[in-house]
Amino acid sequence: MTNQDLIPLSNPDITDAEREAVLAVLKTDRLSIGPRTEAFESLLAARAGRRYGIAVNSGTSALHLCIRALGITEGDEVITTPFSFIATTNCILFERAKPVFVDIDPETYNVNPAAIESAITSRTKAILPVEVFGNTAHFDAYERIAKKHNIALIEDSCEALGGVLKGRPAGNFGDCSVFAFYPNKQITTGEGGMIVTDDENIRNLCVSMRNQGRDTTAWLSHARLGYNYRMSEISAALGEAQMRRLDEILTKRRKVAKMYDDALANLTDKGLIHLPPMEERENASWFVYVIRLADEFTQTNRDEILEALKSRGIGCSNYFVPIHLQPYIKELLKTRAGDFPITEHVAARTIALPFFANMTESQIARVQEELSQVLQSISKSK
Ligand SMILES: *Cc1c(COP(=O)(O)O)cnc(C)c1O
């Protein structure tokens, strides 16, 4: 097979505008802590409808600073989802707080609001839900729950930049929200992340802690324990140029999702797969395009399908492995199979298909064709 035949799982959308922005930084002597970082922060905060943006070196760092800024510490409980990327739980463990998992809503893949309410105890300090695959569903409900119980809400918007829920942008819910810019996200800075908030105290703490806990006023005076979580000007320039193209990128991604919806309609009609859930599909910010196999398929079937697709040059993956079944989490938190049955049922049947802004109609057609063949051969052999 030639390389041309491979369709990757994801691909960043970088143009000459981004290349020129990065080169322009390299022609200055400000490679960190400078005007590009500030510009990127302003653009992103505005998009999320927030007063402040604080750029950092990864989405994980951004989550960690939120946990620290909210004073979450040993013995505190944070309610979160087992159906996410591992960083959502790791940031809680960094501070020796306790992640309390609750199961997801099978219709949205986001954590179930009713299950959150019944998991709240006197030790609960915050809720940390995720816009899974870009889906903004339930964030208004999470906000109501947090307010009612007087606990914090951290919105993990790492997969939802530009998404909306009932007229409000992703990144606008709760005390603070977090974005990430790894190359598979809607926009990239290579590596990077951002906290957005309206709270001046959270903002000042994050600004200080990303820079070794430095006092925001006196140089080389360290007020608290901090980190080197700074973003470079090179990354920020890339992010700023990507932000200026965000609507163009999101429109392209919506078109690709629509092409998939149409191309896969006959597999859904046959009851073989479910299309991705997505709130407000016409305005959505698509992170990945994840289909779910019908209930009759097993996890072994799914893994066979992944292998068969890969051998045919189709990039694909199993998003996500449940966090509570990760080896070190099982050991640390004594979690096990059966604890969160809906998460496990969904996670055993998901397949992320190739998805990126510049995907062509013929690439979609090819994925559709290979997937149909593989599905048919697997369901015949059952
Ligand atoms: C990408 C992502 C993050 C952060 O990832 P980094 O690689 O640290 O930038 C956090 N949470 C979720 C749900 C993500 O998808």
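Of note:
- Among the candidates ALA152, ALA180, the residue that is in contact (Cβ under 8 Å) with a residue 40 or more places away in the chain and surrounded by 24 or more Cβ atoms within 10 Å (Cβ to Cβ) is uniquely ALA180.
- Test: residue in region 64-78 that is assigned to a helix (DSSP H, G or I) and away from the ligand (no atom under 13 Å from the Cβ): yes
- Listed by first and then second residue, the pairs linking a residue in region 283-300 that is within 17 Å of MET259 (Cβ to Cβ) and not assigned by TED's automatic domain parsing to the domain that holds LEU161 to a residue that is part of a strand (DSSP E or B) and within 16 Å of the ligand (Cβ to nearest atom), with Cβ atoms under 6 Å apart and 6 or more places separating them unless they lie on different chains, are VAL288/ALA352; VAL290/THR350; VAL290/ALA352.
- Residue pairs meeting the criteria (Cβ under 9 Å; at least 6 apart or on separate chains; first assigned by TED's automatic domain parsing to the domain that holds GLU159 and assigned to a helix (DSSP H, G or I), in region 107-122; second at pLDDT 95 or above and loosely packed, with under 11 Cβ neighbours inside 10 Å): GLU117/LYS148
- Scanning region 231-265 for residues that are under 24 Å from ALA348 (Cα atoms) and free of Cβ contacts under 8 Å to residues at least 12 places away in the same chain gives a single hit, ALA265.
- Index of the failed condition, SER221 passing every other in (1) assigned by TED's automatic domain parsing to the domain that holds GLU20; (2) surrounded by 15 or more Cβ atoms within 10 Å (Cβ to Cβ): (2)
- Boolean, PRO99 is within 14 Å of the ligand (Cβ to nearest atom), outside the structural domain of GLU331 (by TED's automatic domain parsing) and assigned to a strand (DSSP E or B): yes
- None of THR60, THR81 is under 26 Å from PRO341 (Cα atoms), in contact with a strand residue (DSSP E or B) (Cβ under 8 Å, 6 or more places away or on another chain), among the hydroxyl-bearing types (Ser, Thr, Tyr) and outside the structural domain of TYR328 (by TED's automatic domain parsing) except THR81.
- Only a single item in (1) on the phi > 0 side of the Ramachandran plot; (2) surrounded by fewer than 24 Cβ atoms within 10 Å (Cβ to Cβ); (3) within 19 Å of the chain's Cα centre (by Cα) is not met by TYR109, and it is number (2).
- Odd one out for ILE305 among (1) aliphatic (A, V, I, L, M); (2) under 22 Å from the mean Cα position of the chain (by Cα); (3) within 15 Å of LEU353 (Cα to Cα): (2)
- Within region 120-132, being buried (at least 16 other Cβ atoms within 10 Å of the Cβ) and away from the ligand (no atom under 16 Å from the Cβ) holds for ILE120, THR124, LYS125.
- As for region 85-92, it holds no residue that is farther than 21 Å from GLN212 by Cβ, of a type outside the set (Phe, Trp, Tyr), away from the ligand (no atom under 16 Å from the Cβ) and surrounded by fewer than 23 Cβ atoms within 10 Å (Cβ to Cβ).
- Scope region 358-382; condition of a type in the set (Val, Ile, Thr) and part of a helix (DSSP H, G or I); matching residues: ILE364, VAL367, VAL374, ILE378
- Residue count for region 208-228, restricted to those that are of a type in the set (A, V, I, L, M) and under 20 Å from TYR52 (Cβ atoms): 2
The values are calculated or read from the model by the stated rules, or taken from the named source; none is laboratory data. Every value quoted in this text rests on a predicted model; they were computed, and no experiment measured them. For neighbour counting, all protein chains shown are included, and Cβ atoms are generated from backbone atoms with ideal geometry for every residue, glycine included.
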